[in-house]
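A short write-up of the structure that comes next.
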Amino acid sequence: MESYEAYVNLFDAFSHPMRIKIAGILAVERKYVSELAKLMQMSRPLLYMHLKKLEEALLVTSSYEISESGKTMKYYELKPLSIKLTPDLLIKLSQEIPTVISKND
């Protein structure tokens, strides 16, 4: 990751416990949407909302496959991920983030 925006998206993606749980499941093996929804005990629309956040942060990828019965199945998998959060990284990121000055200041 290069920019502070990428880290903001990453932190935002992991700011919800359900997205962390989804990432943990996908770290073990890829899953198709219906199977993942069942494991998460959530509706597919809600699951898609969480998966969208993970996709925006470039944490997961998706692909379509045709089952033996001819059904189209959408699979998700976790992309390789290695993050080392250090004071130096936080300093670098904080220097890249523009300071917003409100009209009240």
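Number of Lys pairs in the chain with C-alpha atoms less than 24 angstrom apart, excluding same-chain neighbours closer than eight positions?
25
With +1 on the Cβ of every Lys and Arg and -1 on the Cβ of every Asp and Glu, and nothing else charged, how large is the dipole of the range 4-96 about its Cα centre, in debye rounded to the nearest 20?
Around 300 debye, computed over the range 4-96.
According to a simple spin-label model (label point 7 Å from Cα along Cα-to-Cβ), what is the distance in nm between L39 and L81?
1.3
Could you give the accessible area per residue of the chain, probe 1.4 Å, as a whole number in Å²?
I get 72 Å² per residue for the chain.
Over the chain, what is the relative contact order in whole percent, taking alpha-carbon pairs under 8 Å and six or more residues apart?
30
What per residue convex hull volume, in Å³, comes out for the chain when only alpha-carbon positions are used?
Considering the Cα atoms of the chain, their hull volume per residue is 142 Å³.
Between K21 and T99, take the C-beta separation as r, use R0 = 30 Å, and let me know the FRET efficiency to the nearest 0.05.
0.30
The values are calculated or read from the model by the stated rules, or taken from the named source; none is laboratory data. All values derive from a computational prediction rather than experimental measurement. Neighbour counts are summed over all protein chains in view; Cβ atoms, including those assigned to glycine, are modelled from backbone coordinates with ideal geometry. We work out accessible area using only protein heavy atoms, side chains counted, and drop any ligands, DNA or RNA first. Shrake-Rupley method; radii C 1.70, N 1.55, O 1.52, S 1.80 Å.
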